[in-house]
Amino acid sequence: MTTPTGPTTTDSSASTIKRSSRAAGSELATSQGTTTIADTVVAKIAAVAAREVNGVEQLGGGMARAFGAMRERIPGSGGPNVSQGVAVEVGETQAAVDIDLVVEYGVSIIDLAAGVRRNVITSLERMTGLEVVEVNVAVNDIHLPSDESSTSDQQPRVQ
């Protein structure tokens, strides 16, 4: 993800998030006031949109999934982290998203990444009015059918 350092430049090699200037006609900045959207809101929307795509097994890298599994088992922890595996950068009118995910075995990763990008962009732009300038997808693992049988055997049994 790129880090903005000032007003948007026209460098085509890297996208930058607009922070300094408001776009003309932006729905977030009107004559009656402005609407700001928290990074966590954008991250949750992106996470839900990514999970909706067939072939996405889970979100997050190995360590994030391990910590998430431990966190879910702690009473009063608030449950699972909905936006695990999603990092966002939100400006006044634009957003950039990084998504780490695990894919199901047999799914075309190229097609899956395109589907995730399309769904995340559509959901974010429709729900927030932000222009999504990039969605970076990192595939960190592949879920094998044999993984389910080995993980179900390792779960503690309730008596």
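Among residues of the stretch 101-124 that are crowded, with 17+ Cβ neighbours inside 10 Å, those with a beta-carbon under 8 Å from a residue that is among the polar types (S, T, N, Q) at least six positions away or on a different chain give the pairs L101/Q58; L101/N140; V102/Q58; V102/N140; V107/N54; G115/N54.
Could you pull out every one of the strands (runs of 3 or more DSSP E) wholly within the stretch 53-159 that has 2 or more residues that are farther than 30 Å from L28 by Cβ and either modelled with pLDDT under 95 or not acidic (D, E) (or both)?
Working: elements: 56-59, 86-90, 94-104, 131-143.
Because the criterion is at least 2 residues that are farther than 30 Å from L28 by Cβ and either modelled with pLDDT under 95 or not acidic (D, E) (or both), the strands (runs of 3 or more DSSP E) in the stretch 53-159 that meet it are 56-59, 94-104, 131-143.
Of the numbered criteria (1) modelled with pLDDT under 50; (2) over 20 Å from the mean Cα position of the chain (by Cα), the one T3 fails is (2). In the stretch 23-52, of all residues being part of a loop (DSSP other than H, G, I, E, B) and in contact with a strand residue (DSSP E or B) (Cβ under 7 Å, 6 or more places away or on another chain), the one that is modelled with the highest pLDDT corresponds to I37.
The values are calculated or read from the model by the stated rules, or taken from the named source; none is laboratory data. What you see is a predicted model; the values in this text were computed from it and never measured. Backbone-built Cβ (ideal geometry, glycine too); neighbour counts: all protein chains shown.
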